[in-house]
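Participant: One structure follows; several queries about it will come next.
The values are calculated or read from the model by the stated rules, or taken from the named source; none is laboratory data. Predicted model only: the values in this text are computed from it and were never measured. Counting neighbours? That spans all protein chains shown, and the Cβs are built from the backbone with ideal geometry, glycine included. Areas reflect the complete protein model, heavy atoms only, side chains present, ligands, DNA and RNA absent. Shrake-Rupley method; radii C 1.70, N 1.55, O 1.52, S 1.80 Å.
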Amino acid sequence: MLTIKCGKCKTKLFKYRKIGKGKVLKCHKNRIKKSYKIEKVGEEYGCPCGNVIGVDEDGAIKMNDQGFIYTGTKE
Ligand SMILES: [Zn+2]
């Protein structure tokens, strides 16, 4: 399980079940296991601090590589 955090203020945003060792390019919404502070404004997902981490795309969040960090392990 990965914990996705804001790349700016390090606030925890959500827990995500990542399958595969690759980069975190997309987060499928049905694998988001717990939401913390993630906010949706229009098509954009982000942190309460205003940092945008990704955009809505067909049941997933297309992640902005510069916008987030994560801790934890991939499966
Ligand atoms: Zn933030």
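Participant: Relative contact order for segment 2-72: what percent, with Cα pairs under 8 Å and sequence separation of 6 or more? Working shown, then result.
Facilitator: Working: 148 pairs, mean separation 25.2, N = 71.
About 36 percent, as a whole number.
Participant: Determine which residues of segment 12-28 fall in the zone a paramagnetic label at Lys62 would reach in this model, i.e. backbone nitrogen under 20 Å from the point 7 Å along Cα→Cβ.
Facilitator: Counting only backbone N, you get 22-28.
Participant: Sticking with this structure for a sec: What accessible area per residue, rounded to a whole number of Å², is obtained for the chain using a probe radius of 1.4 Å? List each step's numbers first, then the result.
Facilitator: Numbers: 4540 Å² over 75 residues.
Per-residue accessible area for the chain comes out at 61 Å².
Participant: A further question follows. Please list, in order along segment 11-27, the HN-Hα scalar couplings obtained from phi with the Karplus expression 6.51 cos²θ - 1.76 cosθ + 1.60 (θ = phi - 60°), rounded to whole Hz, x for Gly and Pro.
Facilitator: Calculated HN-Hα couplings, in order: 5, 5, 9, 6, 9, 9, 8, 8, 9, x, 8, x, 5, 8, 9, 9, 10 Hz.
Participant: Over the chain, with a Gaussian network built from C-alpha contacts below 10 Å, which listed residue (Ile19, Ile53, Ile32) shows the highest mean-square fluctuation?
Facilitator: In the Gaussian network model the winner is Ile19.
Participant: So who's got an amide H within less than 5 Å of the one on Lys18, skipping anything under 5 residues away but keeping other chains? H placed 1.01 Å off N, in plane.
Facilitator: Leu2, Glu75
Participant: D for the chain, whole µm²/s, Stokes-Einstein with Kirkwood Rh over alpha-carbon pairs at 25 °C and 0.890 mPa s: what number?
Facilitator: Working: Rh = 12.0 Å.
Here the translational diffusion coefficient equals 205 µm²/s.
Participant: Working out 0.36 nm times the residue gap between Glu75 and Lys26, then minus their Cα-Cα distance, what length gain in nm do you get to one decimal? If you can, show how the numbers build up before the last one.
Facilitator: Numbers: separation 49, 0.36 × 49 = 17.64 nm, distance 1.51 nm.
Stretched fully, the Glu75-Lys26 segment lengthens by 16.1 nm.
Participant: What do you get for GluC sites (Glu not before Pro) in segment 30-70 restricted to DSSP loop and a cutoff of at most 12 other Cβ within 10 Å of the site's Cβ? Provide the component values of the computation, followed by the final result.
Facilitator: Working: sites: Glu39, Glu43, Glu44, Glu57; in loops: Glu43.
Taking segment 30-70 and a limit of 12 other Cβ atoms within 10 Å, the loop GluC sites (Glu not before Pro) found are Glu43.
Participant: Excluding Lys23 itself, what net charge comes from residues whose Cβ is under 15 Å from its Cβ, given Lys and Arg +1 and Asp and Glu -1? Numbers along the way, then the final one.
Facilitator: Details: positive: Lys18, Lys21, Lys26, Lys62, Lys74; negative: Asp65, Glu75.
That works out to +3.
Participant: Over the chain, what percent of the accessible surface lies on carbon and sulfur atoms, probe 1.4 Å? Walk me through the intermediate numbers first.
Facilitator: On the way: 2220 of 4540 Å².
C and S atoms contribute 49 percent here.
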